[in-house]
Structure formats: C-alpha cells, structure tokens
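Inspection log for the structure reproduced underneath, given as structure tokens.
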Amino acid sequence: ASSPCPPNVTLRKSGSDLKVSWTIPTSNGCGKPTETFVKVYHPISEVYYQLAELSGTATSYTIKDYMQYNDAEFSRVKCAVTLSNQYGEDSGSAWWSTADDRQL
C-alpha cells in the first residue's frame, strides 16, 4: 500500500472553458487514488483554489470561464490535479497560455 504517483496533466481549450485531463499512474509502487482534487492558481491572491473534489477514478474536469484565473502580466493560467488516498497524495500541474491558446 502506498500513496498515488503524480498525474500527467493536459489542458485543452473549449470555447470559454478549459478542459483539464490527467492520467492516473498505474506502475509498480503507485497507489490507487480514492479522491481527486482539481485546483487553479489565482495570480492576485497567490493561492490555489480548489474547484472540484472528484472520485479517484475521474480523469477530466472542465473549468468554466477559465479567464477569470488569467495572470494578466504573464498571460497564463495554472491548473493542478492532486491524487489522494489514505497513504498520502501527489500532484501534477500544467500551464495554459492565454496569449497563444496552447499548453506551455
């Protein structure tokens, strides 16, 4: 029994929304997650806001109106996904360029 390994996070734009997808690592030594937390970094307050608490089997979430989290100075949004179980947790994150509409 062990904690989950960090997920690989992918971002994709869909209209005014940002779709966050991730893979759940299943290699030896990676524990199975029981909960998944999706967070977004807010550049003004400099903290992560939890947007959703999902099941451990979830692999995607859509952030509605993601531009509210845009860092105007650097034109980007940062999303993080944390996989958790009773033994611990691990996180992965990705940046989205609001200037180029692509993952950084």
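The values are calculated or read from the model by the stated rules, or taken from the named source; none is laboratory data. Here the structure is a predicted model, which means the values were calculated and not measured. Positions of Cβ are backbone-derived with ideal geometry, glycine not excepted, and every protein chain shown enters the neighbour counts. Note: accessible area is taken over every heavy atom of the protein model, side chains too, but ligands, DNA and RNA are not part of it. Shrake-Rupley method; radii C 1.70, N 1.55, O 1.52, S 1.80 Å.
Please go through region 73-85 and give me each residue that is among the basic types (K, R) and open to solvent by 50 Å² or more (accessible area, probe 1.4 Å), ordered by number. Listed by number, the list holds a single entry, R76.
Scanning region 61-72 for residues that are touching a residue at least 12 places away in the same chain (Cβ under 8 Å), outside any loop (DSSP other than H, G, I, E, B) and open to solvent by 50 Å² or more (accessible area, probe 1.4 Å) returns Y61, T62, M67.
Yes or no: G88 open to solvent by less than 70 Å² (accessible area, probe 1.4 Å), within 25 Å of A1 (Cα to Cα), out of contact with any Phe, Trp or Tyr (no Cβ under 7 Å at 6 or more places or on another chain) and in contact (Cβ under 8 Å) with a residue 40 or more places away in the chain? Criteria met by G88.
Being out of contact with any Lys or Arg (no Cβ under 9 Å at 6 or more places or on another chain), over 17 Å from N8 (Cα atoms), surrounded by 12 or more Cβ atoms within 10 Å (Cβ to Cβ) and of a type in the set (D, E, K, R) holds for only one residue in E53, E46, and it is E53. Would you pick out the residues in region 91-102 that are open to solvent by less than 30 Å² (accessible area, probe 1.4 Å) and either in a strand (DSSP E or B) or touching a His at 6+ places or on another chain (Cβ under 6 Å) (or both)? If the condition is that a residue be open to solvent by less than 30 Å² (accessible area, probe 1.4 Å) and either in a strand (DSSP E or B) or touching a His at 6+ places or on another chain (Cβ under 6 Å) (or both), then G92, A94, W96, S97 are the ones that fit.
Output the number of residues of region 34-85 satisfying the condition of being more than 30 Å from A1 (Cα to Cα) and aliphatic (A, V, I, L, M). The number of residues fulfilling the criteria is 6. Looking across region 1-17 at every residue that is more than 12 Å from S91 (Cα to Cα) and assigned to a strand (DSSP E or B), the one that is most open to solvent (accessible area, probe 1.4 Å) is identified as R12. Looking only at region 18-43, residues that are surrounded by 13 or more Cβ atoms within 10 Å (Cβ to Cβ) and either touching a His at 6+ places or on another chain (Cβ under 9 Å) or not polar (S, T, N, Q) (or both) come to 18 in all.
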